[in-house]
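Heads up, the thing below is written out as structure tokens.
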Amino acid sequence: MTRAGLKGTYAAPAIGKAFEVIELLATRPEGALITEMAADLNRTVGELFRIVVVMEQLGYLRKSDATDRYTVAYKLLDVAFRATPSQDLVRAAMPEMQVLALEAGQSCHLVVANGGRGMVIAREEQPGTRGFALKVGAHIDIIHSCSGQVILAFSNLQRAERIVRAAEEERSISVDRSWLAERFAVIRRTGHDSRKSPITHGVTDISFPVFGFDRNVVAALTIPFWS
């Protein structure tokens, strides 16, 4: 027996509001009160109160005892790693990253494509007192960053175009495909990318592709070092 109304789109208001809260708090590192969340999301406090409380009880949100502000808890990142291929990738990469950081005397981080952005899924600090590294969970510009262009350059044409289109949609930008093609040709010819960081003055990024057993690029391993 078939059930009516299963075709097309479906509505799950509570789930939708929960993700709205998470996405909002991702832009508010200082956290937010429920009243502030309601105002920013154009919803009532009553619509969000129970959802936020349940998310806190489940460990996905953390409430400050001092300010009553909510922030996203690390459980969300933990679940994401365990539910995606990132877990296996990080497990395989960390021993090599530890050796690299020790021998090079520099920090390093691992970046994967996440929609139209790059995301840091692992980092290893250099053993000295001075270094530079992005934090786990940080998002990067996949179009212009060293890591992002390495991932794109070694991806097949269909995947690279899908990522570029996602970046255009998420950021409301238009990407010059001819310029990208020229960059990709240089990166593929040299096997890596190295240039001044567009974000941090005095830092040079060097990035290499990381391939899976199927020979498809899965990540970029990047060392940002003071130069």
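Among the candidates Thr200, Thr222, the residue that is in contact (Cβ under 8 Å) with a residue 60 or more places away in the chain, surrounded by fewer than 18 Cβ atoms within 10 Å (Cβ to Cβ) and within 25 Å of Pro29 (Cβ to Cβ) is uniquely Thr200. Among the conditions (1) more than 23 Å from His109 (Cβ to Cβ); (2) in a helix (DSSP H, G or I); (3) of a type outside the set (D, E, K, R), the only one that Ile187 does not satisfy is (1). Considered as a group, the residues in the range 30-72 that are under 20 Å from Gly16 (Cβ atoms) and either in contact with a Gly (Cβ under 8 Å, 6 or more places away or on another chain) or of a type in the set (Phe, Trp, Tyr) (or both) include one that is most open to solvent (accessible area, probe 1.4 Å), and that residue is Phe49.
If I filter the range 86-122 down to residues being buried (at least 17 other Cβ atoms within 10 Å of the Cβ) and without any contact (Cβ under 8 Å) to a residue 24 or more places away in the chain, which single residue comes out as nearest to the chain's Cα centre (by Cα)? First the steps, then the outcome.
Step one: filter the range 86-122 for residues buried (at least 17 other Cβ atoms within 10 Å of the Cβ), giving 86, 89-90, 93, 97, 100-101, 106-114, 116-122.
Narrowing further to those that are without any contact (Cβ under 8 Å) to a residue 24 or more places away in the chain: 119-120.
On the way: Met119: 2, Val120: 5 Å.
It comes out as Met119.
Ser174 meets all of the listed conditions (1) open to solvent by less than 40 Å² (accessible area, probe 1.4 Å); (2) of a type in the set (S, T, N, Q); (3) assigned to a loop (DSSP other than H, G, I, E, B); (4) farther than 25 Å from Leu102 by Cα but one, namely (1).
The values are calculated or read from the model by the stated rules, or taken from the named source; none is laboratory data. Keep in mind that this is a model prediction, so the values were computed, not measured. Using ideal geometry, Cβ is built from the backbone for each residue, glycine included, and neighbour counts are taken over all protein chains shown. In case anyone asks, the SASA skips ligands and DNA or RNA and just uses the protein heavy atoms, side chains included. Shrake-Rupley method; radii C 1.70, N 1.55, O 1.52, S 1.80 Å.
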